[in-house]
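Read-outs: derived from the displayed coordinates by stated rules, not from any lab. Just so we're clear, the structure is a prediction, and the values are computed from it rather than from any experiment. Here the Cβ positions follow ideal geometry from the backbone for every residue, glycine too, while neighbour counts run over all protein chains shown.
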Amino acid sequence: SIDVSSLTKQTGLTALDYGFVNTASTRSRITYIDGEAGILRYRGYPIEELARQSTFLEVAYLLIYGNLPTADELAEFDGVIRRHTLLHEDMKYYFEGLPHTAHPMAALSGGLQAMSTYYEDSLDTAVPEFVEVNTIRLLAKLPVLAAYAHKKSVGQAFLYPDNNLGFVENFLRLNFGNMAEEYVMNPVLVDALDKLLILHADHEQNASTSTVRLVGSTGANMFSSISAGINALSGPLHGGANEAVLDMLGQIRDSGQSVQTFVEKVKNKEDGVKLMGFGHRVYKNYDPRARIVKESAGRVLEELGINDPLLDLAQELEQIALEDDYFKERKLYPNVDFYTGVIYKAMGFPTRMFTVLFAIGRLPGWIAQWRESHEDSLTKIGRPQQLYMGSPERHLNRS
Ligand code: ACO
């Protein structure tokens, strides 16, 4: 790779690169991807090992601070997060003001921005202690905001977090518990959700992470930068694909058309229909996360005793696509979003919460990338060039 930062100044030439297909925007030590080989590593550790042997909080620590925590460091990290879970009580008015139809992703990004107004005395990005405390606030409070966005959408009362519970347990109770009875934890769900969060925790310079870095490069604080990242994630070509996959599977089922007919429609690019949950800018091989999610989906449904025809439909769709020349030639394989929705649905989450779950998983990555960008002496405000294609100078000529 070549450093072209000062090319325009030296030569007057500008590289036009739609979608930044060939442009690296930063150096990073956080995540390694080899898209051709289907390899993903966080801080050097293969994703398969982390998903099998670690927990989401350990992975969050690894991404943010660079190494896996010792037992004492993990206990301290977990404890301090538990003690920061409460939202300012007035945040209930934020949620009260939203219609119950509000999309949970919009409620989440707006809620995060609203929450930052309670911490205006500690937003200076140049003060390391503020960065530390806001790191913890984000990890502790974003899941609570997410659960309240869910509760709002189904018209149920908000619960206060329970500091006796671990990260994932607390999150599940806030989403599915109620005031009338004790929430019974299902270890299968806890384990599956923990694993899914690990798989989503970072993915180098994807659209939402690049958004977080770009907004952060202006000097904006972590709350504002990550709120912008949540909005970038919401798009159906990015995190919103997990919601779109379930919608697509539901439409195929309800239309009564065969899977093959739907695939033909995709290949003919009819009405711009795409196979959602397929394809990736970087992976030109099976997304290693999708492989783990697929195994998990089968196991979770089996253990919960759920027989979801949408899983069978997804598997049939994958099989047909993998054997089809259109998909083979373009190296289109299932990505992480293809099977996650089936699991989230089995857990009881409404479809519109799926991308919110992605955001909770991606949070440590956004934090780690924001922090790395601020620690990198070469970081400067992100400001792409353009090639102007508009009208030459013209005049109003009004007398
Ligand atoms: N279904 C059908 N055709 C596809 C798909 C798909 N899912 N994805 C790409 N293609 C086709 C394109 O139409 C194009 O075909 P052409 O050469 O005949 O014009 C070719 O494959 C190359 O695709 P691009 O759009 O150039 O690939 P790009 O890297 O820009 O896009 C993206 C990657 C956005 C992920 C794309 O594959 C897509 O839209 N997938 C569906 C949405 C999705 O699942 N997004 C989640 C991504 S993972 C994540 O964010 C966590």
Long-range amide H contacts for Val4: which residues qualify at under 5 Å (H placed 1.01 Å from N, peptide plane, sequence gap of 5 or more or a different chain)? none
Quick one: plug the Kirkwood hydrodynamic radius of the chain (C-alpha pairs) into Stokes-Einstein at 20 °C, 1.002 mPa s, and report D in µm²/s. 95 µm²/s
Quick one: which residues, 5+ away or cross-chain, put their amide H under 5 Å from the amide H of Leu304? H built at 1.01 Å from N. none
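At 10 °C and 1.306 mPa s, grab the translational diffusion coefficient of the stretch 217-280 from Stokes-Einstein with a Kirkwood Rh over Cα pairs, rounded to a whole number in µm² per second.
Values: Rh = 13.8 Å.
In µm²/s, the coefficient rounds to 115.
Given charges of +1 on the Cβ of Lys and Arg and -1 on the Cβ of Asp and Glu, with all other atoms neutral, how large is the dipole of the chain about its Cα centre, in debye to the nearest 20? Show your work: numbers first, answer last.
Details: 38 positive and 50 negative charges, 251 e Å.
Once rounded to the nearest 20, the dipole reads 1200 debye.
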Among Leu246, Ser109, Val168, flag the residue with its Cα farthest along the positive direction of the charge dipole of the chain, charges on Cβ as +1 for Lys/Arg and -1 for Asp/Glu. Ser109
Sorted by average packing, counted as other Cβ atoms within 10 angstrom per residue and highest first, what order do 71-82, 147-158, 23-34 take? 147-158, 23-34, 71-82
Along the charge dipole of the chain, Cβ charges K/R +1 and D/E -1, which of Leu233, Ile381, Val336 sits furthest on the positive end? Ile381
Zero-based 10 Å bins, Cα pair distances in the stretch 1-122, whole percents: 9, 22, 23, 28, 15, 2
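Using only alpha carbons, build the gyration tensor for the stretch 55-132 and give me the equivalent ellipsoid semi-axes, biggest first, whole Å.
Details: eigenvalues 166, 55, 30 Å².
The equivalent ellipsoid of the stretch 55-132 has semi-axes of 29, 17, 12 Å.
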PRE zone check, label point 7 Å out along Cα-to-Cβ of Phe158, amide N under 19 Å, scope the stretch 215-234, hits 223-224, 227
Karplus-derived 3J(HN,Hα) from phi for the stretch 5-21 (6.51 cos²θ - 1.76 cosθ + 1.60, θ = phi - 60°), whole Hz, x at Gly and Pro, runs 3, 10, 4, 4, 5, 6, 10, x, 8, 10, 8, 9, 9, 4, x, 6, 5
For Lys141, counting only lysines whose alpha-carbon sits under 21 Å away and dropping same-chain residues fewer than eight positions off, the answer is Lys92, Lys151, Lys152, Lys195
Dipole of the stretch 152-280, Cα-centred, from +1 at each Lys and Arg C-beta and -1 at each Asp and Glu C-beta, to the nearest 20 debye? 440 debye
Keeping to pairs on different chains or 8 or more places apart, tell me how many lysine pairs in the stretch 274-399 have Cα atoms under 19 Å apart. 8
Relative contact order of the stretch 180-296, defined on C-alpha pairs under 8 angstrom at six or more residues apart (%): 18 percent
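Note down the net charge around Arg352, summing +1 for each Lys or Arg and -1 for each Asp or Glu among other residues with Cβ under 14 Å from its Cβ. Write down the numbers at each step before the final one.
Working: positive: Lys151, Lys152, Lys345; negative: Glu243, Asp247.
Net of charged neighbours comes to +1.
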Could you tally the net charge around Leu138, taking each other residue with its Cβ under 12 Å from the Cβ of Leu138, Lys/Arg +1 and Asp/Glu -1? +3
